[in-house]
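This report concerns only the one structure given below.
The values are calculated or read from the model by the stated rules, or taken from the named source; none is laboratory data. Since the structure is predicted, the reported quantities are computational estimates derived from the model, not experimental observations. No Cβ is skipped: glycine too gets one built from the backbone with ideal geometry, and neighbour counts run over all protein chains shown. Accessible surface is based on the protein model in full, side chains and every heavy atom, while ligands, DNA and RNA are left aside. Shrake-Rupley method; radii C 1.70, N 1.55, O 1.52, S 1.80 Å.
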Amino acid sequence: MSRIGKLPISIPAGVTVNFDEKTNIVTVKGPKGELSQDINPSIKFNNNDGQIVLEIDEKSPIDDKQKQSYHGLYRSLINNMVVGVSEGYTKTLVLVGVGYRVSNQGNLLELSLGYTHPIYMELPKEVKLETKSERNQNPIINIESADKQLLGLICAKIRSFRMPEPYKGKGILFKGEVIRRKSGKTAAAK
């Protein structure tokens with residue numbers, strides 16, 4: 001059995017969890033939104049008195065190692081959904097570089113990252129976007145969502161426009177991230 005899969009998931013107040021046995025879909029509703037996840041039939045779903053417990057179905061034809069992997073995976077995914085609809089997830093990105101700017105109009109993000117053209121990115125409606133640009137400070141992007149996977153994908157896409165580089169430390173970084181710096185060319189020509 002998976003160590004993570006054995007842990008029960010407690011359901012906070014204001015969150016409802018429904019499981020459809022025909023389609024094997026778990027739906028979680030809360031104050032921050034609604035999320036759903038398809039579950040493999042080799043995992044049994046039990047909702048007891050405000051706690052969710054996932055168990056492995058021994059009769060399933062899938063091999064044991066795969067069942068254990070699914071056990072931990074689906075427990076983590078459902079826990080992320082419960083936390084997301086109750087509290088939500090937030091990521092903060094910092095633009096480090098001379099002339100880097102950011103602005104938004106609703107969910108349309110405009111990035112100026114030293115290229116010859118600005119980059120426009122339309123974010124899904126499930127995401128809340130906020131940008132800050134203060135004088136003598138690095139521009140900041142705050143992204144908030146109930147879906148942890150979607151939030152990670154969006155942050156990775158934004159970061160891919162200007163990855164942090166190790167020589168000058170420029171690029172799009174997560175808040176608090178430390179870039180391991182390299183020294184430049186130090187050998188003199190002989």
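What do you get for the angle between helix 148-160 and the principal long axis of the chain? Use alpha-carbon atoms, 0 to 90 degrees, nearest ten. Helix 148-160 sits roughly 20 degrees off the main axis of the chain.
What separates the Cα centres of segment 150-190 and segment 11-76 is a distance of 38 Å.
Mind checking the angle between helix 64-86 and the chain's longest principal axis? C-alpha axes, 0 to 90 degrees, to the nearest 10. It is inclined by approximately 70 degrees. Summing +1 for each Lys or Arg and -1 for each Asp or Glu among the other residues whose beta-carbon sits under 15 angstrom from that of residue 8 gives +2. According to the square roots a ≥ b ≥ c of the eigenvalues of the Cα gyration tensor, what is the shape class of segment 132-173, taking rounded for a/c under 1.5, prolate for a/b larger than b/c otherwise, and oblate for the remainder? In terms of gyration-tensor shape, oblate. About its Cα centre, the dipole of the chain is roughly 1400 debye, where the only charges are +1 on Lys and Arg Cβ and -1 on Asp and Glu Cβ. Solvent exposure of residue 96, expressed as accessible area, is near 40 Å², computed with a probe of 1.4 Å over the protein chains only. What does the charge add up to near residue 89, with Lys and Arg as +1, Asp and Glu as -1, over the other residues with Cβ less than 9 Å from its Cβ? Surrounding charge for residue 89 is -1. For residue 65, a cut-off of 24 angstrom between C-alpha atoms picks up these lysines, skipping any fewer than 8 places away in its own chain: 6, 44. In terms of distances greater than 21 angstrom between alpha carbons, the cross-link table entries 67/91; 29/128; 29/59 yield 67/91; 29/59. Between residue 175 and residue 24, the contour length at 0.36 nm per residue exceeds the Cα-Cα span by 50.6 nm.
Each Lys or Arg adds one and each Asp or Glu takes one away; over the other residues whose Cβ falls under 13 Å from the Cβ of residue 36, this sums to -4. Of the heavy-atom accessible surface of segment 1-129 (probe 1.4 angstrom), what whole percent is carbon and sulfur? The computed percentage sits at 48. Per residue, segment 55-119 exposes 54 Å² of accessible surface when a 1.4 Å probe is rolled over the protein heavy atoms with every protein chain present.
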